[in-house]
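Novice: Once you've had a glance at the structure underneath, I'll fire off some questions.
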Amino acid sequence: MEMNRRDLFRIGGKLLVLASAGATLEQIMGSEPAPEAYKMADHWWGMIVDIDKCIGCGSCVRACSNENQVPNGYFRTWVERYEVPEGYVNPIVTSPEGAINGFPLPKPTNFKAFFVPKLCNHCADSPCTQVCPVGATFVSPDGVVLVDKEYCLGCRYCVQACPYGCRYLHPETETVDKCTLCYHRITKGLTTACCENCPTQARQLVDFKNPKDPVHEFLRTHKVSVLKPQMATEAKVYYNNLDGAVR
Amino acid sequence: MRSTFRDAAHLLRPAALLLIGLAVFLVVRAAVIPKGFGKYGHYRAPFLETARSKPIHYAGQDACVACHDEEAKMRAAGKHAKVACEACHGPQAQHADDPTSLKPKLPDVATLCARCHEKDPAKPRTFPQVVTAEHNAGAACNDCHKPHNPHLD
């Protein structure tokens, strides 16, 4: 077949129109944002607690209790008030009712004093999950330590294994219960109930796998520590300006 | 060849027993291992879905601000700008879903303000604190301070 210049342009033009139409069509159809399903592999959850910001109001404890229907007298998170005498001998630690109603007026002392909010550290290498005889407690693929309450036997082995005292036996279900890092909220794009309601932003939920998360800048510019680093649990709750007296 | 299998007959019974035992083991194993166990690790994978599906009680402040313009503007102008609505007003997800179904109660100012602002040496120095007994002599906080923007003009 012989083709002159005119034919070439004609065919080329047709092809170009066809291709661009196809591309536009694909853009219209394809770019429609599908409802972003939660991908566990894209997240690695943790928390930052800034001791310098905590005012001991107990908002986090109340929020946690309401959000998760924590039974009375049990706590998934609580706040401790430390009074540390010079020389670090016998610090006084109080947490009346987990500080669910804040703290009463303190007796005047000249000790160093500060608040420490506590919760499950969602350890990556957690002793509590290792001791479970049935596989009812585990670290989820996105780094949250959970208890499968339909599978838990209530043997309390994990309650003893947790170095931070973050687990309890639910008095009604008689299975182990603990902080879920508000798994039902964070997987829907919300923050945890405690972080949402902290009036001074002393607690912040962080996602270590999100490169844009402020946690990376925070960890680079602050002197942070985890609780009981000697336990090598790979805890993911980082405390800013944590005093050496805190256990 | 023949000598190898000469006494094969008496091996058949234990072999059959072994096979039956194996079959029983496999059937029982399949029956007792829960669905989805081991998909991600040594636990039931479907529980992750159960954990995700729990109801939400705190709507989050974006939901509050979407309707309550006036309060949101007032709060944004003052020192309480970063205090979440539900930190004082309590969990309001039900109210956010259907405003008529649950009318939020007004918080009790006397306990609410003091929880954060009562003087305590454990609180950060820069945080505004008062000894309520001296500060307001029994008057309600909101006689002078508007809770959404507590600054006095």
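The values are calculated or read from the model by the stated rules, or taken from the named source; none is laboratory data. It should be emphasised that the depicted structure is a prediction, and the values quoted were computed from it without experimental measurement. Neighbour counts are summed over all protein chains in view; Cβ atoms, including those assigned to glycine, are modelled from backbone coordinates with ideal geometry.
Novice: Listed residues B:24, B:32; which is surrounded by fewer than 18 Cβ atoms within 10 Å (Cβ to Cβ), within 30 Å of residue A:140 (Cβ to Cβ) and either facing chain A (nearest Cβ under 10 Å) or hydrophobic (A, V, I, L, M, F, W, C) (or both)?
Specialist: B:32
Novice: Name the single residue, out of those in the range B:47-61 being part of a helix (DSSP H, G or I) and either facing chain A (nearest Cβ under 9 Å) or surrounded by 16 or more Cβ atoms within 10 Å (Cβ to Cβ) (or both), that is modelled with the lowest pLDDT. Talk me through it step by step, then tell me what you get.
Specialist: To start, the set of residues in the range B:47-61 that are part of a helix (DSSP H, G or I) comprises B:47-52, B:61.
Then drop every residue that is not either facing chain A (nearest Cβ under 9 Å) or surrounded by 16 or more Cβ atoms within 10 Å (Cβ to Cβ) (or both), which leaves B:47-48, B:50-52, B:61.
Details: B:47: 96, B:48: 96, B:50: 95, B:51: 96, B:52: 96, B:61: 90.
Among them, the one singled out is B:61.
Novice: Confirm whether residue B:124 is touching an Asp or Glu at 6+ places or on another chain (Cβ under 7 Å), without any contact (Cβ under 8 Å) to a residue 60 or more places away in the chain and over 30 Å from residue A:140 (Cα atoms).
Specialist: Criteria met by residue B:124.
Novice: Would you please name the residue that is modelled with the lowest pLDDT, looking only at residues in the range A:114-139 that are more than 17 Å from residue A:61 (Cα to Cα) and among the polar types (S, T, N, Q)?
Specialist: Per the criteria, the residue is A:126.
Novice: Still on this structure, please answer the following. If I filter the range A:83-94 for residues that are away from chain B (no Cβ under 11 Å) and in a helix (DSSP H, G or I), do I get at least one hit?
Specialist: no
Novice: Of everything in the range B:115-138 that's facing chain A (nearest Cβ under 8 Å) and in a helix (DSSP H, G or I), which residue is nearest to residue A:199 (Cα to Cα)?
Specialist: By that ranking, first place goes to B:116.
Novice: Answer with yes or no whether residue A:173 is without any contact (Cβ under 8 Å) to a residue 40 or more places away in the chain, touching a Leu at 6+ places or on another chain (Cβ under 6 Å), within 14 Å of chain B (Cβ to nearest Cβ) and assigned to a loop (DSSP other than H, G, I, E, B).
Specialist: no
A quick yes/no check of all residues on (1) under 22 Å from the mean Cα position of the chain (by Cα); (2) of a type in the set (A, V, I, L, M, F, W, C):
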position: B:43; (1), (2): yes, no
position: B:46; (1), (2): yes, no
position: B:51; (1), (2): yes, yes
position: B:65; (1), (2): yes, yes
position: B:127; (1), (2): no, yes
position: B:147; (1), (2): no, no
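Novice: Just give me the residues in the range A:100-158 being at the interface with chain B (Cβ under 8 Å from one of its Cβ atoms), aliphatic (A, V, I, L, M) and surrounded by 17 or more Cβ atoms within 10 Å (Cβ to Cβ), in sequence order.
Specialist: A:113, A:136, A:139, A:146
Novice: Condition (residue is within 23 Å of residue A:195 (Cβ to Cβ), among the aromatic types (Phe, Trp, Tyr) and in a loop (DSSP other than H, G, I, E, B)) applied to the range A:102-116: is it met by at least one residue?
Specialist: Yes; the residues of the range A:102-116 include at least one that is within 23 Å of residue A:195 (Cβ to Cβ), among the aromatic types (Phe, Trp, Tyr) and in a loop (DSSP other than H, G, I, E, B).
Novice: On to the next question. Which of the residues belonging to the range A:62-97 are at positive phi and touching a residue at least 40 places away in the same chain (Cβ under 8 Å)?
Specialist: Filtering the range A:62-97 down to residues at positive phi leaves A:69, A:73, A:87-88, A:90, A:97.
Of everything in the range A:62-97, just one residue is at positive phi and touching a residue at least 40 places away in the same chain (Cβ under 8 Å), namely A:88.
Novice: So, one more: Can you pull out every residue in the range A:223-244 that is touching a residue at least 24 places away in the same chain (Cβ under 8 Å) and touching a strand residue (DSSP E or B) at 6+ places or on another chain (Cβ under 8 Å)?
Specialist: The answer is A:224, A:226, A:227, A:236, A:237, A:238, A:239, A:240, A:241, A:242, A:243.
Novice: So if I check each of B:141, B:64, B:85, which one is among the hydrophobic types (A, V, I, L, M, F, W, C), within 23 Å of residue A:50 (Cβ to Cβ) and either touching a helix residue (DSSP H, G or I) at 6+ places or on another chain (Cβ under 6 Å) or facing chain A (nearest Cβ under 9 Å) (or both)?
Specialist: From the options B:141, B:64, B:85, the qualifying one is B:85.
Novice: May I ask you to say which residue of A:86, A:80 is acidic (Asp, Glu) and either at pLDDT below 95 or surrounded by fewer than 10 Cβ atoms within 10 Å (Cβ to Cβ) (or both)?
Specialist: On inspection, the qualifying residue turns out to be A:86.
Novice: Right, next: Which of the residues spanning the range B:91-121 are closer than 18 Å to residue B:67 by Cβ and among the hydroxyl-bearing types (Ser, Thr, Tyr)?
Specialist: B:100, B:101, listed by residue number.
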